[in-house]
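Only the coordinates and a few stated rules stand behind these numbers; no lab work does. On a predicted model such as this, the values are computed, not experimentally measured, just so you know. Heads up, the Cβs are rebuilt from the backbone with ideal geometry, glycines too, and the neighbour counts pull from every protein chain shown.
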Amino acid sequence: MKKVLILGGGAGGVVVASRLAKRLKDSVEITLVDKNPYHEFRPSYLWVTMGIREPDDVRRPLSLLGERGVKILNEEVTDINPAERKVKTSKRTLDYDYLIVALGAELRPDLLPGADKAYHAWELNDALKLREAVARFRGGKILVGPASVPYRCSPAPFELALMLRYLSEQRGVSEKTEITVFHPWRVPMEPFGPFMQNMFKGFLEQFNVEFIGSWETERIDGEKKRIVSKKGDELEYDLAVVIPPHRPARPIEGTELISKDTGYMNVSRKTLRNPKYDDVFGVGDIVASTLNLGMAGVFAHFEGDFVASQIIDEVKGTYMAMTYNKTGVCVMDVGYLGAAVFCDFSGVIDGVSEYPECWVLGGMKAFRGAKVMFEKMWFAEIFGR
């Protein structure tokens, strides 16, 4: 039997595992490795922050995939050797016929001086810590932004800022609450083109959220409650939400899989295979920068579909199924209402366009319901519950 080894149990990894299990569980041996025993639905971290979700609401044990024929190893990946088709974990050495690297990007707060003086919601435990801080907040200056780019989920700092505005209004402290998004981008959603830039400017203006662009964070001064830029400028805060720097997952460091241009994993834009090792695929955040995409679960989802389809085709001999869906969909909950963003990144990935083609549907609370339904559908489709 062919051996398929999947590294990472995030959105891309579980999609590949689920699709292969449905089509090939009697033809291939499928193994998924992740140090986290749970798959976590990251888009719901902000809901955890706002107190409308608990941790078990937004995660499922990876062991549930075992019921579908996937072998789950709750271990840490320590080394990848594509020349020998070997992967080392904290407990063993594994070999493979196909390798899917879906290890994502790691948060590196150690690269930001003073990071422990701020909060964020980009991991589940951190979302809970931010929830405690938000529960105590009764007015003042809130700062929200990334320490650097790229980071997971490009619109999320803006969504969180708008949620906090809504919450301050619920508590009757909106008039004494200043909310500012700071960002390395010059304008909101800069890589997404003029249409999206103007839409997000409008959102922020409508709900009285300031934007400060071209801001590169140097450090956080917790004693003085200041965020300091590399130019020496300072922003005062009572509550600081700072997304830590992101870096490629450590196991690919020093391997032949890295792109010299991005530092993330190198893959073909047409096949998502590594150019040197065509039995190695990359999906999700670990290849986002190489593809000139933002980091988002929706991209990992569609990439996982595409990679699984290629493997199924090769194993079965013929299989007409998923092509590479180069679109992105993001449903935002800003408390007052919901908004759905749809972007076609075909031109960006193919290297012929600077910006994606985007559309926004918003202004209706129905879109909040759509986000809830997608969360439920995701868990039901992948894990059956």
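A few notes on this one:
- Note on residue 75 and residue 255: with the Förster distance fixed at 25 Å, the Cβ-Cβ geometry gives a FRET efficiency of about 0.85.
- Computed from point charges on the beta carbon alone (+1 for Lys and Arg, -1 for Asp and Glu), the dipole magnitude for the chain about its Cα centre is near 620 Debye.
- Theoretical FRET efficiency, 1/(1+(r/R0)^6), r = Cβ-Cβ of residue 26 and residue 320, R0 25 Å, to 0.05: 0.75
- Stretchable slack from residue 342 to residue 357, in nm (0.36 nm times residue separation minus alpha-carbon distance): 4.6 nm
- Distance between the modelled labels on residue 373 and residue 68, one decimal in nanometres: 2.2 nm (7 Å Cα→Cβ projection).
- Global form of segment 109-245, assessed from the alpha-carbon gyration tensor, a/c cut-off 1.5: rounded
- Long-range lysine pairs (8 or more apart or interchain), segment 109-245, Cα under 24 Å: 20
- Sites residue 365 and residue 233, calculated FRET efficiency, Cβ-Cβ separation with R0 51 Å, nearest 0.05: 0.85
- Shape class for the chain, computed from the alpha carbon gyration tensor (a ≥ b ≥ c): prolate, with a/c not under 1.5 and a/b above b/c.
- The Cα center of segment 301-354 and the Cα center of segment 226-242 differ in position by 36 Å.
- Applying a 4.7 Å Cβ-Cβ cutoff to the chain leaves 153, 330 as cysteine residues with no disulfide-compatible partner.
- Once the Cα-Cα distance is subtracted from the 0.36 nm per residue extended length, the residue 329 to residue 116 segment shows a gain of 73.4 nm.
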